[in-house]
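In what follows, a structure is listed as structure tokens, so that the remarks can point back to it.
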Amino acid sequence: MKNTDKPRTDYAQASDLTSEAKQGAVELPKNDLQGNSLASAVLAILGPEAKLEAAGSEITFRVPATQLHDFCQRLKDAGWDFLVFVTAVDFPDQDAFELVYEISNYKDAQHFCLVTNIPRNEPVIRTVSDIWRTAEWHEREVYDLFGIRFDSHPDLRRILLDDTWKGYPLRKDYKDELHEMIRRPGS
Amino acid sequence: MNNDVKSEVSQPQAPYYDEMFINMGPQHPSTHGVLRLVVKLAGETVLGVSPHMGYVHRSIEKMGETLSPMQFIHLTSRLDYLSAHMNNWAWAMLVEKALGIKPPERAEYLRVIMAELTRIASHQLWWGVFGMDLGAFTPFLYAFRDREKINDIFEKTCGSRLTMHYICPGGVFEEPDAEFESDVRSFIKYFAPVIDEYERLLSGNIIIQERTRGVGVLPADRAKAYGCTGPVLRASGVDYDLRKVQPYGVYNRFEFKTAVANEGDSWARYKVRLEEMRQSLEIIRQALDQMPKDGPVREKLPSVIKIPPGRYFARAEAARGEIAFFVVGDGKPVPWRLKIRSPNFSNLQAFPEIIRGWRVADIVTVLSTFDIVVPDIDR
């Protein structure tokens with residue numbers, strides 16, 4: 001895929017954000033994550049390996065892929081009992097898939113997401129379906145649409161598409177000859 | 001004739017506990033859409049169920065990567081088409097979060113009224129279809145008679161009866177028609193006693209009682225593990241309703257109760273939905289009283305909406321649970337990635353576990369009280 005405008009993934013720097021905002025006509029929402037009590041509470045559970053990312057409205061923690069399962073277990077034990085969804089984002093220019101785990105709880109419905117990058121040519125990560133059972137189908141969906149495999153998953157099959165389907169539609173380089181209209185403008 | 005065959009015929013063979021697989025669906029009246037259940041049976045007893053989805057998969061997430069936020073509203077109505085207003089609302093909230101704008105006061109109230117009317121219409125339809133699933137045809141006619149009145153209000157206000165796309169980023173599309181308030185008020189007046197009529201018609205029925213009480217019990221911890229939301233979760237005794245625990249819009253200004261039942265069986269799910277209809281009427285009544293009589297209903301938005309770089313998440317309480325949108329923006333007019341979290345997808349996941357050990361007829365009951373909408377699962 002030839003994409004001249006690189007997708008932005010280095011969200012960590014706030015200075016970049018403001019320059020980006022000047023280009024567009026829209027004003028960015030105020031982001032006060034550093035003083036946020038939820039962010040500091042979660043950081044206390046996760047420890048220093050988790051990096052807080054400050055872009056957009058959703059509080060995001062970037063964690064190393066190897067420790068993701070461990071972090072999820074710690075969060076579950078600390079009362080974050082509601083996994084809203086698991087999904088992935090394709091960044092072909094970075095040669096990475098970003099896995100997104102949206103985590104919440106059934107008490108006060110606070111929410112944040114954990115993200116981790118895995119290499120695009122060897123997309124494997126350990127399942128979290130043993131921690132939150134609901135991840136089982138969500139991970140099947142990610143496998144179905146992105147081709148990311150989940151280690152120790154109890155039942156990794158396609159869930160929405162047919163078993164004979166070729167390719168993984170939500171990857172950015174997926175080509176569908178039948179439906180040319182489903183294409184991102186400029187790609 | 002071979003002797004072996006003869007002896008086989010003379011003896012009663014095929015013990016009823018032989019395992020067999022049957023397909024329920026993809027076209028079956030009780031699956032409410034094109035959902036295929038592969039059921040493993042021993043006689044009448046269900047040994048296991050494996051749902052197969054995707055028959056109405058329209059790749060809405062992929063299409064979202066090609067459509068502007070204003071265009072995408074129209075696809076959100078087509079997820080759970082019975083909660084169209086709430087889906088629109090969740091999407092509108094995400095775009096408003098990304099742009100940092102706040103809808104006008106009057107629009108906030110209109111959103112609440114519309115969303116609660118949709119919740120009532122959705123539960124009405126469920127109630128009618130639930131009766132029909134269990135063999136009672138009359139409730140279906142009652143429910144559709146009353147649902148028509150809500151649809152008429154929607155038609156007058158937004159020109160559409162099912163896929164409204166009325167709630168949009170910035171507020172609502174336009175001022176409702178002049179008779180909107182009196183129409184809604186007369187509907188409340190009409191419908192409050194009708195819920196009691198529903199109860200008299202169906203709730204006390206001995207067949208309904210026998211077929212729902214204690215059937216398909218979903219314990220609270222399992223419901224949480226499966227990420228269930230909405231009436232399915234609240235019927236298991238978990239007091240979790242986004243309108244209460246994290247009020248969005250102006251829900252914190254109304255007094256209402258969350259409908260919760262502790263049993264977790266099909267009967268509890270039935271009770272919770274009937275109670276939710278009553279509470280929704282309460283909310284609409286208060287919203288009509290508090291709503292500013294005039295004022296703008298739509299905030300001005302930039303003509304090209306660019307989702308700024310970053311991650312955005314917004315969710316709302318739809319009729320079946322929590323609808324959530326997640327967007328990764330890259331500053332272009334279309335999102336880089338769009339994820340839809342649909343309530344039915346997670347709710348249905350709990351179904352195979354709790355149906356094990358029950359009879360074939362109970363599949364119909366439990367699936368009906370889960371109130372799934374298949375286009376929402378498949379997206």
Of the conditions (1) touching a strand residue (DSSP E or B) at 6+ places or on another chain (Cβ under 9 Å); (2) open to solvent by less than 30 Å² (accessible area, probe 1.4 Å); (3) not small (Gly, Ala, Ser), the single one that residue B:164 does not satisfy is (1)
Checking residue A:60 against (1) open to solvent by less than 10 Å² (accessible area, probe 1.4 Å); (2) out of contact with any strand residue (DSSP E or B) (no Cβ under 6 Å at 6 or more places or on another chain); (3) under 22 Å from residue B:307 (Cα atoms): exactly one of these is not met. Which one?
(2)
Hey, could you check the range B:290-320 for residues that are under 18 Å from residue B:342 (Cβ atoms) and among the basic types (Lys, Arg) and say which is nearest to the other protein chains (Cβ to nearest Cβ)?
B:315
Regarding the range A:61-81, can at least one residue be identified that is within 14 Å of chain B (Cβ to nearest Cβ), in contact (Cβ under 8 Å) with a residue 24 or more places away in the chain and in contact with a Gly (Cβ under 9 Å, 6 or more places away or on another chain)?
no
Within the range B:207-231, which residues are within 14 Å of chain A (Cβ to nearest Cβ), within 14 Å of residue B:262 (Cβ to Cβ) and surrounded by 24 or more Cβ atoms within 10 Å (Cβ to Cβ)?
B:218, B:223
Go over the candidates B:262, B:252 one by one and state the one that is in a helix (DSSP H, G or I) and surrounded by fewer than 17 Cβ atoms within 10 Å (Cβ to Cβ).
B:252
Go through the range B:143-247 and tell me which helices (runs of 4 or more DSSP H), entirely inside it, have 1 or more residues that are over 21 Å from the mean Cα position of the chain (by Cα).
B:180-198, B:206-212, B:220-225
Which of the residues spanning the range A:141-157 are over 18 Å from residue A:131 (Cα atoms) and among the small types (Gly, Ala, Ser)?
A:147
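Out of all the residues in the range B:66-117, which are among the small types (Gly, Ala, Ser) and open to solvent by less than 10 Å² (accessible area, probe 1.4 Å)?
Hits for the range B:66-117 are B:77, B:83, B:84, B:90, B:92, B:98, B:107, B:115.
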Considering only strands (runs of 3 or more DSSP E) fully contained in the range A:23-91, which possess at least 2 residues that are modelled with pLDDT of 80 or more, touching an Asp or Glu at 6+ places or on another chain (Cβ under 7 Å) and of a type in the set (Val, Ile, Thr)?
A:82-91
Residue B:192 - would you say it is in contact with a helix residue (DSSP H, G or I) (Cβ under 7 Å, 6 or more places away or on another chain) and either open to solvent by less than 10 Å² (accessible area, probe 1.4 Å) or polar (S, T, N, Q) (or both)?
no
Near pairs, Cβ below 7 angstrom, 6+ apart or cross-chain, from the range A:96-112 (over 17 Å from residue B:312 (Cβ atoms)) to any residue that is open to solvent by less than 10 Å² (accessible area, probe 1.4 Å) and of a type in the set (Gly, Ala, Ser):
A:97/A:88; A:99/A:88
Return a yes/no flag: does the range B:295-311 have any residue that is within 26 Å of residue B:175 (Cα to Cα) and within 26 Å of the chain's Cα centre (by Cα).
no
Among the residues of the range B:330-349 satisfying the criterion of being more than 7 Å from chain A (Cβ to nearest Cβ) and modelled with pLDDT under 90, which is surrounded by the most Cβ atoms within 10 Å (Cβ to Cβ)?
B:332
Are any of the residues in the range A:113-127 surrounded by 15 or more Cβ atoms within 10 Å (Cβ to Cβ), at the interface with chain B (Cβ under 9 Å from one of its Cβ atoms) and not small (Gly, Ala, Ser)?
yes
Based on this model, can you work out whether residue B:202 counts as more than 30 Å from residue B:305 (Cβ to Cβ) and in contact with a Gly (Cβ under 6 Å, 6 or more places away or on another chain)?
yes
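Of the residues that make up the range B:276-284, is at least one open to solvent by 60 Å² or more (accessible area, probe 1.4 Å), out of contact with any Lys or Arg (no Cβ under 6 Å at 6 or more places or on another chain) and within 14 Å of chain A (Cβ to nearest Cβ)? Explain how you work it out, then say what you get.
Narrowing the range B:276-284 to residues open to solvent by 60 Å² or more (accessible area, probe 1.4 Å): B:278, B:282.
If we keep only those that are out of contact with any Lys or Arg (no Cβ under 6 Å at 6 or more places or on another chain) too, we end up with B:278, B:282.
Among the residues that remain, those that are also within 14 Å of chain A (Cβ to nearest Cβ) are: none.
Within the range B:276-284, not a single residue is open to solvent by 60 Å² or more (accessible area, probe 1.4 Å), out of contact with any Lys or Arg (no Cβ under 6 Å at 6 or more places or on another chain) and within 14 Å of chain A (Cβ to nearest Cβ).
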From (1) assigned to a helix (DSSP H, G or I); (2) closer than 30 Å to residue B:144 by Cα; (3) modelled with pLDDT of 85 or more; (4) touching an Asp or Glu at 6+ places or on another chain (Cβ under 9 Å), pick out the condition that doesn't hold for residue B:30.
(3)
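The values are calculated or read from the model by the stated rules, or taken from the named source; none is laboratory data. The shown structure was predicted, so the numbers you read here are calculated from the model rather than taken from an experiment. Cβ: placed from backbone, ideal geometry, glycine included. Neighbour counts: every protein chain shown. Surface areas here come from the heavy atoms of the whole protein model, side chains and all, with no ligands, DNA or RNA. Shrake-Rupley method; radii C 1.70, N 1.55, O 1.52, S 1.80 Å.
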